[in-house]
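To start, the structure under review is shown below, and the notes come after it.
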Amino acid sequence: MSEQARLGAYFDAATASPLHPAAREALIASLADGWADPSRLYTQARRARGLLDAARAATAEVLGVRPAELTFTGSGTAAAHLAVLGGLAGRRRAGRVFVHSAIEHSAVLHAGEDHVSAGGEAVSVPVDRLGRLDEQAWRTAVGADGVALAALIAASHEVGTLQPVARAAEVCAAHGVPLLVDAAVVAGRMPLPTGWSMLTASARKWGGPPGVGVLAVRTGTRFDPPQSAHWSQPERAAGHGPGAPDLPAIVAAAAALRAVSNEAAAEAARQSALVDRIRERVLATIPDVEVVGDPVDRAPHLVTFSCLYVDGESLLRELDRRGYAVSSGSSCTSSTLEPSHVLVAMGALSHGNIRISLHREATGDHVDRFLADLPGIVARLREEAGVTGL
């Protein structure tokens, strides 16, 4: 069975993309020299350290940072948690207020909750119906007294709407507040936003292996990682998080990022056209459906829509039975199928929602088959629920 056939209609790249061929090759090749501890001084360790340094330099080049500003972590979630708590701790003398958008990833929001539990304050800035930041509310929040850190996601994990990061960063700079940007949705797919002080991303979303996140901290940004991280200065200097790094995975992540960045423009055009097709056909063929997010100013590979009178869990199971892997509920808490905090913040339908996110192996045939099957699936679920003809 081919890899494409095995994957079937996999439409959940916003959670994890299939391993890029460049990552697979790099992973296998690095197993020979990537097993040793790169912090030691003997020959095998020096080979491992060479691999780590090369991966760090390659990743930094794509992200537009210095290698010394980049750290590999155990996941994108770990990177976000470290960034929030480390950024707040580094600025404790400036204040204890953490400003963030209402649509941040759960890792950022949970770190904010930890900060509040420790006596800090968090201020959530609303978004509009398209899922875009309320810039006036942002200016007010960031300009208040005691703000230590601000966080704005580059593009929503749920609906793909791009955020005005550059303008938000100008507001932060005017008030001397560092800006943290979660770039997981756009890294490797689009040019990164500018003006940030800290940036996080996740390798599994760009076709790297799971278990690798990246944290970039610009030189001059005050950053003091929490003591609970058990993160030593030698580990930080070497460019990896606490404990021994998963070096083959890091090497594979760097190889995948370089490869997808080279393919980004062509893939963005192809996937954006497929997303446009999904948006148009869903609205044309399914009654009582809401396609959410900005139709133009968005990530190229992602679209979310909500079907009225349909249970999200039932829809997810039926689509899976037909061979379609999609997300429903919050992308951050999909195991519980809780209503998406992003959709709630937008004032959109938060039940019966489907998120489609494409990857390099998702084809037009996959999309067309999905679009042909979906109207019948939704109609049958509505009929079973006794809500037809309303």
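The values are calculated or read from the model by the stated rules, or taken from the named source; none is laboratory data. Note that the structure is predicted; figures quoted are calculated from it, not measured. Cβ sites come from the backbone with ideal geometry, for glycine too, and all protein chains shown count toward neighbours. Side chains are part of the model used for accessible areas, which takes the heavy atoms of the whole protein and leaves out ligands, DNA and RNA. Shrake-Rupley method; radii C 1.70, N 1.55, O 1.52, S 1.80 Å.
Restricting to DSSP H runs of at least four residues, report the calculated mean residue ellipticity at 222 nm for the chain, -39500 (n - 2.57) per run over all residues, nearest 500 deg cm²/dmol.
Helix contribution divided over all residues of the chain: -13500 deg cm²/dmol.
Taking N as the number of residues in the range 1-147, what is its alpha-carbon radius of gyration divided by 2.2 N^0.38 Å?
1.41
To the nearest 10 square angstrom, how much accessible area does R91 have with a 1.4 angstrom probe?
40
How big is the equivalent ellipsoid of the range 132-282 along its three axes, where each semi-axis is √(5λ) from the Cα gyration tensor, reported in whole Å from largest to smallest?
Here the semi-axes work out to 27, 26, 12 Å.
Any chance you could look up the accessible area of E135 with a 1.4 Å probe, heavy atoms only, rounded to 10 Å²?
Counting only protein heavy atoms, the figure is 50 Å².
Just want to confirm a number: the relative contact order over the chain, from Cα pairs under 8 angstrom separated by 6+ residues, in percent.
This gives 23 percent for the chain.
Looking only at L371, L316, L302, which one moves most when the chain is put into a Gaussian network model with springs between Cα atoms under 10 Å?
Of L371, L316, L302, the most mobile in the Gaussian network model is L371.
Cα convex hull of the range 166-211: mean projected area in nm², to one decimal?
Over all viewing directions, the range 166-211 projects a mean Cα-hull area of 3.3 nm².
With only Lys, Arg, Asp and Glu charged, each at its Cβ (+1 for the first two, -1 for the last two), find how big the charge dipole of the chain is about the Cα centre; round to the nearest 20 debye.
1020
Using only alpha carbon pairs under 8 Å that are at least six residues apart, calculate the relative contact order of the range 52-110 and give it in whole percent.
Computed value for the range 52-110: 27 percent relative contact order.
Say the dipole of the chain comes from +1 at the beta carbon of Lys and Arg and -1 at that of Asp and Glu; which of S117, L343, T43 then lies farthest toward its positive end?
T43
Contact order normalised by length for the range 22-151, with contacts defined as Cα pairs under 8 Å and 6 or more residues apart; what percent is it?
Value for the range 22-151: 20 percent.
Using per-residue counts of other Cβ atoms within 10 Å, averaged over each peptide, order 77-83, 290-296, 219-225 from highest down.
Top of the packing list down: 77-83, 290-296, 219-225.
P(r) of the chain in 10 Å steps, Cα pairs, percent per bin?
5, 23, 31, 24, 13, 3, 0, 0
For the range 43-101, what is the convex hull volume of its Cα atoms per residue in Å³?
That works out to 125 Å³ per residue.
For the range 164-309, what does the accessible surface come to per residue with a 1.4 Å probe? Please give it in Å².
39
For R355, R93, give me the order by solvent-accessible area with a 1.4 Å probe, most accessible first, ignoring ligands, DNA and RNA.
I get R93, R355, largest accessible area first.
Note the angle between two axes, namely the Cα long axis of helix 106-117 and the longest principal axis of the Cα atoms of the chain, as a number of degrees from 0 to 90, rounded to the nearest 10.
Around 60 degrees separate the two axes.
Using the Kirkwood radius over Cα pairs, work out the Stokes-Einstein diffusion coefficient for the range 238-286 at 25 °C and 0.890 mPa s, in µm²/s as a whole number.
176
Can you check how the C-alpha radius of gyration of the range 242-321 compares to 2.2 N^0.38 Å, as a plain ratio?
Compactness ratio reported: 1.56.
Sum up the charges of everything whose Cβ sits under 13 Å from the Cβ of A141, counting Lys and Arg as +1 and Asp and Glu as -1, but leave A141 out.
-3
Principal axes first, then extents: for the Cα atoms of the range 60-168, list largest minus smallest coordinate on each axis, whole Å, largest first.
35, 33, 22
Where the Cα atoms of the range 12-66 are projected onto their three principal axes, how long is each span, largest first, in whole Å?
Taking max minus min along each principal axis of the Cα atoms, the range 12-66 gives 42, 27, 16 Å.
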